[in-house]
Every structure is written in structure tokens, then in C-alpha cells.
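Right, one structure below, let's go through it.
Read the figures in this text as sums done on the coordinates, not as results from a lab. On a predicted model such as this, the values are computed, not experimentally measured, just so you know. Note: ideal-geometry Cβ built from the backbone for every residue, glycine included; neighbour counts use all protein chains shown.
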Amino acid sequence: MKISVIGCGYLGTVHAACLAELGHDVIGIDVDQAKVDLLSAGRPPFYEPGLPELLRSAMASGRLAFSSDIAAVAGSRVHFVAVGTPQLANSNAADVGYVDAAVESLLPHLAPGDLVVGKSTVPVGTAERLADVVTEGAPGARLAWNPEFLREGFAVKDTVAPDRLVYGIAAGDSTAEALLDEVYATAVGNGTPRVVTNYATAELVKVSANAFLATKISFINAMAEVAEATGADVTQLADAIGYDARIGRRFLNAGLGFGGGCLPKDIRGFMARAEELGVDQALSFLHEVDAINLRRRERMVDLTREVLGGQLDGKRITVLGLAFKPDSDDVRDSPALDVAVRLAELGAEVVASDPQAVETARRRYPQLRYLADVEDAVRGADAVLLLTEWKEYRDLDPDRVGSLVARKSILDGRNCLDPVQWRAAGWQYRALGRP
Ligand code: UDX
């Protein structure tokens with residue numbers, strides 16, 4: 001099938017490449033010419049494992065192309081809208097301006113029978129509104145909402161083999177369902193569960209899934225706060241409650257909390273939308289989820305100060321990890337980068353490192369000092385903070401690192417090191433939620 005994908009960010013680029021790999025003929029559209037040029041040369045503008053290979057193979061097949069000219073969508077039967085919905089600068093609400101603009105720009109190029117499919121995470125009610133825009137602006141075209149659940153770092157796998165498909169369609173629009181089944185023929189054929197529903201449910205599925213995940217993380221981080229006051233170990237607590245199949249161990253890793261381009265802004269956007277709908281009380285717990293999450297960053301700064309004898313000024317601190325999670329170069333709302341910047345603002349001499357995110361972090365905070373090589377970064381440190389659990393950091397040799405630092409103090413912001421091993425090598429080991 002000929003398909004267009006509007007918006008070539010983390011979501012759209014992976015979606016376009018995967019659909020081409022699955023046999024469709026795909027055109028990816030982005031307003032940013034520099035990004036289109038990179039993608040056309042087979043180079044992703046961000047780090048995502050497996051994507052460079054996939055992009056090269058899809059481009060070589062002749063089934064994938066990129067353009068900044070929206071007219072290139074002509075002839076596609078399905079048009080995915082995968083543009084961003086960032087948090088507005090002066091409120092908690094999501095900015096749907098890019099989604100509106102993408103749909104408007106499609107209208108003159110739609111033919112009767114075409115299906116516009118929203119993938120972006122939007123406030124509930126957006127699809128209903130845009131369905132009218134599509135049917136009035138392009139007679140015979142229709143709209144569906146098909147939220148995306150991919151995780152950065154696993155984006156290719158999550159797109160090719162999703163754990164569920166959700167189609168939000170207008171009542172009685174069986175052709176939309178059939179078209180989406182054709183797009184996802186491989187996943188549907190593999191028995192992937194499908195939920196076919198109305199627009200509002202499809203939109204809510206996405207934000208409520210993210211709200212649930214954020215709540216799970218903040219729950220365990222709240223337990224970490226209690227653990228810190230009592231001498232309990234939150235990692236053992238998570239293991240123990242996680243054995244209960246009703247609870248489950250996944251997303252119970254206590255530490256510096258959640259960040260990224262989705263969870264933080266999605267729970268805030270959800271609260272803002274609930275307020276507009278007059279059901280803000282239903283989501284008031286999400287304020288607490290957000291607050292618990294942000295408190296972890298403060299706690300990390302306090303713990304660092306404590307380890308350094310109450311004084312941050314002039315102390316050499318190495319921050320390992322800047323991305324909001326491993327296997328990504330994304331620093332949007334990254335807890336690690338936030339802590340690094342706060343420590344620098346408090347007078348510490350911060351050296352920050354990350355296997356992939358140094359350049360993205362530098363663009364956001366050029367005032368920090370960055371060193372890509374981990375050994376260069378730790379040399380002479382008074383304290384080492386592990387804030388993103390990259391494999392190369394989890395595998396660090398405490399003896400080797402110990403020979404490079406000024407003081408053997410390690411703060412494990414992700415509870416990913418073995419305290420016994422580090423203490424045996426002479427390190428002072430501190431972590432969030434552990435004695
Ligand atoms: C999330 C959702 O998982 C995905 O389904 C949705 O489509 C987009 O948002 P992503 O932002 O890629 O995906 O990251 P995710 O793996 O969910 O992690 C989010 C944050 O939570 C990271 O900062 C991570 O470090 C943190 N986290 C995750 C924890 O602190 N503890 C955990 O146990 C799990």
C-alpha cells in the first residue's frame with residue numbers, strides 16, 4: 001500500500017522505515033529540510049538501536065523516500081500524522097498546533113477514500129474535532145486514531161511487533177478498520193490483539209497507559225523515600241512485591257525517576273485536559289506522581305552534597321549518563337541532565353559524559369563541561385554519579401575507575417550497581433532508597 005507519514009521525529013521515522021520494511025511504499029514528510037536531507041542519505045537524525053540498518057535496507061528496496069514537500073503524499077491511501085505534541089511553555093497542557101497544521105496541510109492532497117490516521121498523543125476530544133476538519137476539507141476522506149506505544153531504545157521491535165493495536169474509528173466506519181488491518185497485515189496475521197473502539201477511548205488508552213506507568217515508577221520511588229527513613233532496601237522490596245503476579249516486577253526500578261518526551265508531559269497534559277472536562281479530581285493523584293518524581297532529583301543533589309561533606313562549591317563531580325534512559329540520545333526532560341545542571345549551578349565543577357547523548361545535551365546546555373570518554377570523565381573526581389544505566393556504566397570495573405578518581409565515592413542514581421562489589425573495592429557506595 002502507498003502510505004505517507006507526516007512528521008519524521010522518533011515516532012514518524014521509525015514508523016515510516018518499519019512500514020517500508022514490511023512491504024509498503026512509504027513517503028516520509030517533514031518541514032525540516034535538514035532532517036529530510038539526513039534521512040534521504042540513510043542517516044537517522046537521532047540514536048535508536050537497529051534504525052540505521054533498517055533505514056538503509058528500506059531505502060535500498062526503493063520503498064522508502066523522504067520529502068519536505070507535502071504534495072508528495074498524493075496517491076497515498078493512508079496518511080499517518082506523527083508530529084509532536086510538546087507541553088505548552090506557560091501551562092501543563094499539550095500543544096496540538098503541529099497536529100492541526102499537519103492535518104490542514106494534508107487536506108488539499110487527499111482523495112476520496114483516503115484515511116488520515118492520527119498517531120500523536122493528543123488531549124481526548126482532538127480526534128472528534130479533527131474528523132470534522134477532514135470530512136469538511138476533503139470530501140470522502142476520513143479520520144482514524146491509532147495511538148503508538150513504542151519505547152525509545154526498542155522502537156523498531158515495538159513497531160514491527162507491537163503488543164497491541166488500537167484503532168479509534170468513527171461509528172460504522174468498517175473501511176477504516178479494513179485499511180488499518182491491511183497496513184498492519186503482518187502484526188494482525190501474527191495474532192496481535194486488536195482493540196477497535198471510538199475516538200475518545202483510543203486517545204485515552206494512550207495517556208492512561210503512560211499515566212499508569214508513571215504512577216508505578218513514582219509508587220516505588222515513594223517507597224524509596226520511606227526506605228531511606230527506615231533503613232529498608234527498596235530494590236529488595238521491589239523484588240519481593242514484584243513476585244506477586246498481580247503487581248509484577250517491571251517498571252518498579254526505583255531511582256532518579258522518569259523523564260523523556262512522553263511520560264512527564266503526558267501526565268501533565270492529561271491533568272490539564274481533565275480540568276477542562278471538569279473531572280480534575282479524578283486525576284489529582286497525578287500531581288503527587290509528578291511531585292514524587294521531581295523530588296528524586298532534589299534528593300540526588302542533597303545526597304551528593306552530603307557525601308561531599310556538606311560542600312558542593314569547587315568539588316569535582318562526574319555525571320555518568322545524560323540521556324533520559326539508556327540506548328537513547330534523547331535528553332528531553334532528562335533527570336540525569338537536570339541533576340548535572342543543578343549541581344553546576346550550585347558551584348560544583350561538573351564533568352558530564354554519556355555514550356550517545358553528549359551532543360544533544362550540549363545543544364541544550366552548552367555551559368556544562370562534557371567529555372565523551374568515560375575514563376577522561378572520571379579522572380580526578382571527588383564523586384561519581386551514575387544517573388543513566390547504560391550497559392557500559394553497569395559493567396564498570398570498580399578497581400579501574402578507583403585508580404582514576406580523587407575520592408572513591410559513587411552515587412548510584414539507578415540502583416544498577418552491586419554495592420557489595422563496589423564497597424569491597426574500597427568505594428563509599430550510596431544509592432536512592434538503599435541503606
Ligand atoms: C514511554 C512508554 O513506555 C511508551 O509506551 C510510550 O509510547 C512513550 O513513553 P519511553 O519514553 O521511551 O516510553 O520510555 P520508558 O521506557 O517508558 O521510560 C520512561 C522513563 O521512566 C525513563 O526515564 C526511565 O529511566 C524511567 N523508568 C522506567 C524508571 O525510572 N523506572 C522504571 O522501572 C522504568
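For the options Val78, Val122, Val341, a Gaussian network treatment of the chain with springs between C-alpha atoms closer than 10 Å singles out Val341 as fluctuating the most. Across the range 53-165, C-alpha contacts under 8 Å between residues 6 or more apart give a mean separation that, scaled by the residue count, equals a relative contact order of 22 percent. Pull out a ≥ b ≥ c, the square roots of the eigenvalues of the alpha-carbon gyration tensor of the range 2-197, then state rounded if a/c is under 1.5, prolate if not and a/b is larger than b/c, and oblate in the remaining case. Taking the square roots of the gyration eigenvalues as a ≥ b ≥ c, the range 2-197 is rounded. Averaging the Cα positions of each part gives two centres, and for the range 88-102 and the range 128-155 these lie 16 Å apart. Based on C-alpha pairs under 8 angstrom that are at least 6 apart in sequence, the chain has a relative contact order of 12 percent. The order of Lys391, Lys119, going from fewest to most other C-beta atoms within 10 Å of their C-beta, is Lys391, Lys119. For Lys315, the lysines whose Cα comes closer than 22 Å to its Cα, not counting residues fewer than 8 places off in the same chain, are Lys408. Would the range 385-435 count as rounded, prolate or oblate if I go by the C-alpha gyration tensor, calling it rounded below 1.5 in a/c and otherwise prolate when a/b exceeds b/c, oblate otherwise? In terms of gyration-tensor shape, oblate.
Mind running the shape call on the range 291-431? Use the C-alpha gyration tensor, a ≥ b ≥ c as the square roots of the eigenvalues: rounded below 1.5 for a/c, prolate if a/b tops b/c, oblate otherwise. Kindly include the intermediate steps, with their values, before the conclusion.
On the way: a/c = 1.35, a/b = 1.21, b/c = 1.12.
Judged from the Cα gyration tensor, the range 291-431 comes out rounded (a/c under 1.5).
Annotation: average projected area of the chain is 21.7 square nanometres, based on the convex hull of Cα atoms across all directions. Round to the nearest 10 and give me the degree value, 0 to 90, for the angle of helix 174-183's Cα axis relative to the longest principal axis of the chain. Computed tilt is about 60 degrees. Against the chain, whose longest principal axis comes from its Cα atoms, helix 97-106 is set at around 30 degrees. Farthest toward the positive end of the dipole of the chain, out of Pro264, Asn221, Leu294, is the Cα of Asn221, where the dipole comes from beta carbon charges about the Cα centre. Taken as Cα centroids, the range 289-319 and the range 170-216 sit 42 Å apart, rounded to the nearest whole angstrom.
Treating cross-link reach as a plain straight distance, find the aspartates and glutamates whose alpha-carbon is under 17 Å from the alpha-carbon of Lys2, omitting any fewer than eight places away in the same chain. Once the sequence-local aspartates and glutamates are set aside, what remains near Lys2 is Glu21, Asp25, Asp69, Asp114, Glu177, Asp181, Glu182.
With a threshold of 18 Å on the Cα-Cα distance, the over-threshold entries among Lys216/Lys391; Lys206/Lys325; Lys206/Lys265; Lys119/Lys265 are Lys216/Lys391; Lys206/Lys325.
Shown is the FRET efficiency for Ala101 and Ala424, computed with R0 = 51 Å from the Cβ-Cβ distance and rounded to the nearest 0.05: 0.30. Spin-label model, Lys391/Thr175: points 7 Å from Cα along the beta carbon direction are separated by 4.8 nm. Across the range 117-201, the mean sequence separation of Cα contacts (distance under 8 Å, 6 or more residues apart), normalised by length, yields a relative contact order of 32 percent. Against the main long axis of the alpha-carbon atoms of the chain, helix 126-137 sits at an angle near 30°. Mean silhouette area of the range 190-229, derived from the convex hull of its C-alpha atoms and averaged over all directions, reads 4.2 nm². In this structure, the amide hydrogen of Leu385, modeled 1.01 Å from its nitrogen in the peptide plane, lies closer than 5 angstrom to those of Thr318, Val319, Leu320, Leu411, counting only residues at least 5 positions away or on a different chain.
With viscosity 0.692 mPa s and temperature 37 °C, the Kirkwood radius over alpha carbon pairs of the range 153-252 converts through Stokes-Einstein to a diffusion coefficient of 200 µm²/s. For Phe66, the residues 5 or more places off, or on other chains, whose built amide H falls under 5 Å of its own are Gly28.
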